[in-house]
C-alpha cells in the first residue's frame, strides 16, 4: 500500500529525484532549446515518480497548483536565468504571499554532441514556505514603516510609490490590515504584471540561512561558479515517456 504524500515526503523525494536525474543522459531532449517544454517535462517526470510511491491529490486546471491538498506548486527553471511565472490573482499576493508554497528545481542543461544526449545537472532544489512567498522589497519596506510607527497614510503612499496595482479603496483596506497584523518578510521578487514574474536569485542565495526558505539539494556557491562557465543556456529533460514530441510542441516561458 502506498503512503500518503506529506510535505516532508515531497521534500525528501525531490532531493532524491534531483540526485538521480543529475546523472542521467537523455537522448530524446538533445538539441531542444524550448525552456518551457523541458521544464514541463522535468515536472511531469518528477510527478510520475511520486505516483509510484505515494497517494496524493493531483492538480487540475481549476485548482491551479500541483499539490492542492499540500498547498505546494512546482517551479522549474534554468540556472542561466532562474525565474518563472505564476497566475496573477490579487495585488495582495505581493504583500501577503502567493497563498501556497513553492518547490523550485534549478538546473543546467548540457548537450553532449558525441553521444547526442542531454544531461540535467540540478544545481538547487529549494522549498519556499507559503509565508515567505511575498515580494521581498515590498514587505521589507512595509516592515520598516511599521517599525518607525508609520500610519495608514504612510503605508498607502508607499504602495503608490511601489506602483502596486490597487485602487485607493483597496490600498486603504490593506493598510488597515497591516496596522493590525504585520506581514512576514518575503523572499521572492514579484514583478508587476497580469502574470507575476518570479526571479529566484534571492531564494537561491538565502536558502538554508533564513526561516522558511529551505535548501533541499545543492550548495549556495554552486550557482555563480557554474554560470561563469556555461557554454549554453537551456533546459534538460529526463528519461521516461515521449519527451521529444512534448518538448518540440510546447512554447512560452519557464514554468
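Points to keep in mind about this one:
- Legend: calculated FRET efficiency, residue 191 to residue 33, from the Cβ-Cβ distance at R0 = 25 Å, rounded to 0.05, equals 0.60.
- An oblate overall shape is assigned to the stretch 130-202, the ratio a/c of its alpha-carbon gyration tensor axes (a ≥ b ≥ c) being 1.5 or greater and a/b not exceeding b/c.
- Inter-centroid distance (Cα atoms) of the stretch 137-194 relative to the stretch 52-124, Å: 27
- Between the beta carbons of residue 170 and residue 81, assuming R0 = 51 Å, the FRET efficiency works out to 0.95 to the nearest 0.05.
- Between residue 110 and residue 59, the simple label model (points 7 Å from Cα in the Cβ direction) yields a spacing of 2.9 nm.
- Within the stretch 126-158: backbone nitrogen closer than 20 Å to the residue 209 label point (7 Å, Cα to C-beta): 126-129, 132-141
- Neighbour counts of C-beta atoms inside 10 Å place 140, 173 in the sequence 173, 140, starting with the fewest.
- Share antiparallel - DSSP beta bridges, the stretch 1-153, percent rounded to 5: 60
- Average Cα contact separation per residue, the stretch 136-185, under 8 Å, 6 or more apart, as relative contact order %: 54
- Taking label points 7 Å from Cα along the Cα-to-Cβ direction, residue 148 and residue 161 give a separation of 0.7 nm.
- The stretch 20-135 - convex hull of the alpha-carbon atoms, volume per residue in Å³: 119
- Judged by the ratio a/c of the largest to the smallest principal axis of the C-alpha gyration tensor, the stretch 82-137 counts as prolate, that ratio being 1.5 or greater while a/b is larger than b/c.
- Three-way shape call for the stretch 55-113 based on the alpha-carbon gyration tensor, with the a/c threshold at 1.5: oblate
Bear in mind that the values in this text are calculations on the coordinates, not laboratory data. What you are looking at is a predicted structure, and each value in this text was computed from that prediction instead of being measured. Quick reminder, even Gly has a Cβ in these numbers, built from the backbone with ideal geometry, and neighbours come from all protein chains shown.
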